[in-house]
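These notes concern the structure reproduced below.
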Amino acid sequence: MEHQIVINTNSFPANSAAEANSYFEDALQGVLSLNTGVDRFTFYLDSNNITLPDFILSDGFTYENFVQNTTDQDLKLFLLEVVDKSPAIDTLDEDQLEGIASDVFYIPGYPIFNAHDVFSYAWVLSGTLLSIPTCEIWAKRRLHISRAASDGQFRDENLWLNNIANASHGTELYEQFCNYNLPEVCKNHYVTDHLTDWYSSLTQENKRRALDKLSLACERGFAGGEPLFKTLSDAEGIREVRFDAYPGGTIRVLFKAITDGKQALLVAFTKKSKSSGYDAAIERAKNLYNAIEL
C-alpha cells in the first residue's frame, strides 16, 4: 500500500525544540499506525524550496535534527525509508499541477492560510495531512475545508481532509480503512453490479481513494459542484464524482438521482486523457439507469 503524507506547514513551527520533538514524534507514531508492514510512505513538503531535511520544526531544530536525535529505532528506520518529495511542486505531473492551481481551499471561520496549497496537495493526491497540534484547529482528526474558486468566489461547501496530529489519529484512521467497504459507504443509495465489479478490480490505493470520495459524496447528499462533482453535458442529468487515480489518471463515477434523495451509482472508469472513456461510459450509464426498477 502506498501512503501520500502531506506535511501541513501551517501547523509549524512549534514554540521550542522540546515541544517540536514531542508533538512531531506523537504525530509520526500516528503515521506508523497505518503501516501493515509492507507499506510505502511518501512525504510531500511544499515550503519555499526548502528540502525535507532542512524543514524547520522549531527555531534551530530541523527535521534532520529530529531524525538524528530520536532514540526510537523503529521510528528512525521508518523515516530513513520514507520517500522524500520536496519541494513537492517539482514532483507532480501536469494534471496534478492543474488541479492544485484551480482552487484555493480554506477552513471556514479562519482567514486563508499562507500555506493554503497544502490543502490542495492533500485533496489532489487523496493524501493525509501530517500536523502538529500547535493550535486547536490542527489537533482534529478531520479538517473541514471549503474553497475559493478561480473566479474568486467563496463556496460554502462541506469538504474534509484526513489529518494525523497524534498517535490515536493514526489508529482511528487505520481502523476506518480496515472497516471501509462499498456497501456500507453507499448503503442508502443504489449501486449497480457494474460499479461493484469495477470497485473489486481496483488496487488497494484506489479502493481507499474511491471510498474516501464516495463517503464524502454521501455525506453531502451528492449535492454541489467542483472539485468533487460535475454535471455532464448532453447526458440526461447524469453527474460524476471526480478524483485522481493512483499512480496516474483520474477516476470518474457516474451517478443520477432516483427518488427521495437516493442516487443510482451507475458506472466508473479511469480517464487517461481529457475525453477518453466518456462516450461509452455515459451510454452504459443511461442503459443501466433505464433498467432500474424504481
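Summary of computed values
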{"quantity": "Among Leu79, Leu214, Leu265, residue whose mean-square fluctuation peaks in a GNM of the chain (springs only between Cα atoms under 10 Å)", "calculated": "Leu79"}
{"quantity": "Percent RCO, i.e. relative contact order, over the chain, from Cα pairs under 8 Å lying at least 6 residues apart", "calculated": "16"}
{"quantity": "Of Leu57, Leu80, Leu195, the one that fluctuates the most in a GNM where the chain has Cα springs shorter than 10 Å", "calculated": "Leu80"}
{"quantity": "Over segment 180-291, volume per residue of the alpha carbon convex hull, in Å³", "calculated": "98"}
{"quantity": "Extension gain from Arg284 to Gln68, taking 0.36 nm per residue of separation minus the Cα-Cα distance", "calculated": "72.1 nm"}
{"quantity": "Interchain or long-range residues, amide H under 5 Å from Ala257's placed H", "calculated": "Ala264"}
{"quantity": "Value of [θ]222 nm, deg cm²/dmol, for the chain, DSSP H segments ≥ 4, -39500 (n - 2.57) each, nearest 500", "calculated": "-10500 deg cm²/dmol"}
{"quantity": "Hydrodynamic radius of the chain per Kirkwood, over alpha carbon pairs, in Å", "calculated": "20.2"}
{"quantity": "Ala101 versus Asp84: modelled label distance in nm, points set 7 Å from Cα along the beta carbon direction", "calculated": "2.8"}
{"quantity": "Contact order normalised by residue count of segment 180-291, Cα under 8 Å, 6+ apart, percent", "calculated": "24"}
{"quantity": "Formal net charge of residues neighbouring Ser120 (Cβ-Cβ distance under 10 Å; K, R +1; D, E -1)", "calculated": "-2"}
{"quantity": "Highest-MSF residue in the chain out of Ala217, Ala18, Ala165 [GNM, Cα springs under 10 Å]", "calculated": "Ala18"}
{"quantity": "Largest-first principal axis extents, alpha carbons of segment 70-172, Å", "calculated": "49, 33, 22"}
{"quantity": "Difference of contour (0.36 nm per residue) and Cα-Cα distance, Thr171 to Gln204", "calculated": "10.0 nm"}
{"quantity": "Mean shadow area of segment 2-177 over all directions, Cα convex hull, nm²", "calculated": "10.0"}
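Read the figures in this text as sums done on the coordinates, not as results from a lab. Model, not experiment: these values are computed from the prediction. All Cβ positions, glycine included, derive from the backbone under ideal geometry; neighbour counts span all protein chains shown.
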